[in-house]
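These notes concern the structure reproduced below.
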Amino acid sequence: MKRRTPTATLARAFGVTLALATAAHAQQTDLTIALQLEPPHLDPTSAAAGAIDSVLYANVFEGLTRFAPDGSVIPALATNWEISADGLTYTFHLHPGVTFHDGTTMDAEDVKFSLDRARADDSVNAQKALFADIADVTVTDAQTVTITLAQPNGAFLFNLAWGDAVIVAPESIDNIKTAPIGTGPFRFDNWRQGDQITLTEYPGYWGDKPALTSATFKFISDPTAAFAAMMAQDIDAFAGFPAPENLPQFEADPRFQVLVGSTEGETILAMNNKQPPFDDPKVREAVAHAINRQDVIDGAMFGLGTPIGTHFAPHNPDYVDLTAQSAYDPELSLRLLSDAGLPDGFTTTLKLPPPSYARRGGEIIAAQLREVGIQTEITNLEWAQWLEEVFRGHDFGLTIVSHTEPMDINIYARPDYYFQYDNPAFQDLMTTLNTTTDAAARSDLLRQAQTMIADDYVNGYLFQLAYPTVADARLRGLWLNQPTQATDLTGVSWAE
Amino acid sequence: MRLSLALGATLTSLFVGAALLSFIWTPYGITGVNIAARLHSPDMSNLLGTDHFGRDLLSMIMVGARTSIAVALIAVGLGMGLGVPLGLTAAARAGGWLDEIVMRGNDLIFAFPSLVIAILITAVFGPGAVNAIIAIGIFNIPVFARLTRGGALSLWQRDFILAARVAGKSAARISVEHILPNLANLLIVQGTIQFSLGILAEAGLSYVGLGAQPPIPSWGRMLADAQTMVAIAPHVAVIPGMAIVLMVLGLNLLGDGLRDALDPRLRGRKP
């Protein structure tokens, strides 16, 4: 009887596997990419949830303009535009031959429908402020739209690039939450709730064909499961990897690449400006000086993140570094508390949403505040509870959250926004900013705004959230940074 | 000397001792964070190493033992305090409508898996040590009620109880003066077992974030916090895990040992 050695059998088996693997990789055009959060539904024009844009932006839905990977605004469905001398009239020329995934054509009527729907009185758009200056949308011809503004708005093209401003069709609007129909290079295929969303290429796409023919978005919220899935290569990439402590292992492994980009996410220790004792600026200043940012970044994010001293992204050219103004100084903090009439400190609530920057950061900040006599009762909340209690209910003393919208310093002009900062001077500043189109003047106003909220110590400014992506080493074209919440797959391809 | 009893008693007293000691002394404070010293492996200055915030793990385990023991002990006390009287009442009125109500009520609670009830209660009333105690306590009630009723029913058939009834004692007095003392062994053994299940339940609840809230240390949450760090600093996960295992093992051995020692039917038999 002829005996085969185990080694020979193994070698043969491996040989076969390798051959198969190589064959498969040579023509790989599909991608499985994981995200931490699953969208609540699939209409980017009617919810604040960034998870919707993370799946659909640039892949399924497109607007007149869009964000490029570096955050600049580039043409999308509008090939070019003219702006009148007074800055009030924008004439957009649409790309010819654009069709929706259901085969209907995208024309000026659809643009008018989308913008009118977003700015209507009964609109549920989460960013209605983006469209507030629009006075009228007129269809000139099928390929031309004229938008008239009530007042000049220097950020109008930027506003139109948001995921909340994408173009949708009246024919498919009723089912958009479960069956989104857009104009992008991928069309929505299937959503297994709680598990994954699949997209497939749209053959009738008007622009450059993407290299991928299908993409699966998997939703893995648990950091341990995320690590295991990536290590086992069940997924090809994880955008926004939730466990920064595991990144060194991926970096050391030749199978993977790690991209650490920046986001628009200002992570702040928000203070309820209307709730005593945080209605006293001295107390807020005391809190700011009690926080050691570097410890929070190292302890909660394992060193990933850039310290910030105001509500502005450090990679923005208009950023002012104000971190020194709220530097870690517990002595000063104690003095300020004394001045505010609270020499023995006080007790407040610290409500934490699920991400690890909040949960871990919260424990570190609680310990740092305890050093100056501020006791915190920590409550860990799920997102739904957080939105209900903190964001809508304003029932909190302190909370930690990352504001991931781009250029969102204008939230400080909304007195009913959850941290309830009410300063008419700041509100005037934002009104002026909105009507200013001159670039240098805008920069100046933005710098003033950053300084004003830092001077008022509205919130504790912690760090700019980093965006780690772990991916198969052979993947190319993933976004490094997150100028807006998006997982743009149009430029993604497999090497080899 | 019974080995299981000795081993169980040693492990249990070790943890109880550590928990008591933590009231007056721990090697380091557990409320401060020291990021520079995080994830140190065990060495001479930190016998069990440090966690991801640079806190001393030995100190955390000691205070965590306090949380676990307090929650489990009070919860078992609650279950016993309500369950035993219910069981005695049911046995005294065996077959009556009161018996039916008590026992069907117990069946109702029994029908749900204990941890599911606990999660339900803490999810509704909010996470925290007190709600964890109530949650664990509630599913201990039917255990003690059923055990007490079973034991009491057989005692009610005994001659000395008949004598007490002939002497004119009320059912309530007989239950307290004659039945309860004869059930003590049974209850102590069951109490020990339930105590270990309570420790496990507390760890489970705090693992999913429904137990004691930070900064109060608890073994379950230490384990949960450490799980993404297993690959870079295994001791952070292994140590609270071992604490839970050893504590539960100790209590189970103690319970077994006590049963062997206290049950007259087993007395004189070689273990």
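Each reported figure results from applying straightforward, stated rules to the coordinates on display, with no laboratory input. Everything numeric here is computed off the predicted structure, so don't read it as measured data. Reconstructed Cβ throughout: ideal geometry from the backbone, glycine too, with neighbour counts over all protein chains shown.
Annotations
- By DSSP, the beta bridges lying fully in segment A:50-175 are antiparallel in about 95 percent of cases.
- With a 10 Å cut-off around each Cβ of B:120-133, the average count of Cβ atoms from other chains is 1.
- Positive minus negative residues near A:Tyr57 (Lys, Arg vs Asp, Glu; Cβ under 12 Å): -3
- Compactness of segment A:50-175 as Cα Rg over 2.2 N^0.38 Å, two decimals: 0.99
- Chymotrypsin sites (Phe, Trp or Tyr not before Pro) restricted to segment B:24-128 and DSSP loop, no more than 10 other C-beta within 10 Å: B:Trp25
- The three principal axes of the C-alpha atoms in segment B:30-168 carry coordinate ranges of 75, 34, 19 Å, sorted with the longest axis first.
- Theoretical gain in end-to-end length, A:Thr431 to A:Asp222 [0.36 nm per residue, Cα-Cα removed]: 71.0 nm
- In the calculated pair-distance distribution of chain B, the portion above 31 angstrom amounts to 37 percent of the Cα-Cα pairs.
- Extension gain for B:Ala6 to B:Ile188 (0.36 nm times residue separation, less C-alpha to C-alpha distance): 63.9 nm.
- Label-to-label distance, nm, for residues given as B:Val166 and A:Met231 (7 Å Cα→Cβ offset): 7.3
- ³J(HN,Hα), Karplus 6.51/-1.76/1.60, whole Hz, each residue of segment B:23-37, x for Gly, Pro: 5, 9, 7, 9, x, 9, x, 10, 8, x, 10, 9, 4, 4, 9
- Across peptide A:222-231, the mean count of Cβ atoms from other chains lying within 10 Å of each residue's own Cβ comes to 2.
- B:Ala111-A:Asp122 pseudo-label distance in nm [points 7 Å out on the Cα-to-Cβ vector]: 4.5
- Convex hull volume per residue in cubic angstrom - Cα atoms of chain A: 165
- Distance-filtered residues of segment A:152-175 - backbone nitrogen under 18 Å, label point 7 angstrom along A:Thr140 Cα→Cβ: A:157
- Cβ-placed point charges (K, R +1; D, E -1), dipole of segment A:50-175 about Cα centre in debye, nearest 20: 280
- Taking the square roots of five times each eigenvalue of the Cα gyration tensor of segment A:352-435, the equivalent ellipsoid has semi-axes of 27, 15, 13 Å, listed largest first.
- Expressed to the nearest 5 percent, the antiparallel share of DSSP beta bridges inside segment A:263-466 is 55 percent.
- Computed over the alpha carbons of segment A:263-466, Rg followed by Dmax gives 16.1, 50 Å.
- Bridge type composition, the protein assembly as shown - antiparallel percent by DSSP, nearest 5: 75
- Sequence-distant residues sharing a close amide H with A:Phe346 (under 5 Å, placed H): A:Ile374, A:Gln375
- GNM flexibility winner over chain B from B:Thr31, B:Thr89, B:Thr67 (Cα, springs under 10 Å): B:Thr31
- The 3J(HN,Hα) values that the Karplus relation (6.51, -1.76, 1.60; θ = phi - 60°) gives for segment A:262-278 are, in residue order, 9, 10, 8, x, 7, 8, 10, 8, 6, 10, 6, 4, 9, 9, x, x, 6 Hz. Gly and Pro appear as x.
- Shielding by partners for peptide A:372-380, expressed as the average number of C-beta atoms from other protein chains within 10 Å of each residue's C-beta, is 2.
- Rounded FRET efficiency, nearest 0.05, which uses the C-beta distance separating A:Ala68 from A:Thr105 and R0 of 30 Å: 0.70
- Once the convex hull of all Cα atoms in segment A:216-305 is built, its volume per residue stands at 136 Å³.
- Modelled FRET efficiency - R0 25 Å, A:Arg335 with A:Ile411, Cβ distances, 0.05 increments: 0.20
- Taken about its Cα centre, the protein assembly as shown carries a charge dipole of roughly 5060 debye when the Cβ of each Lys and Arg holds +1 and the Cβ of each Asp and Glu holds -1.
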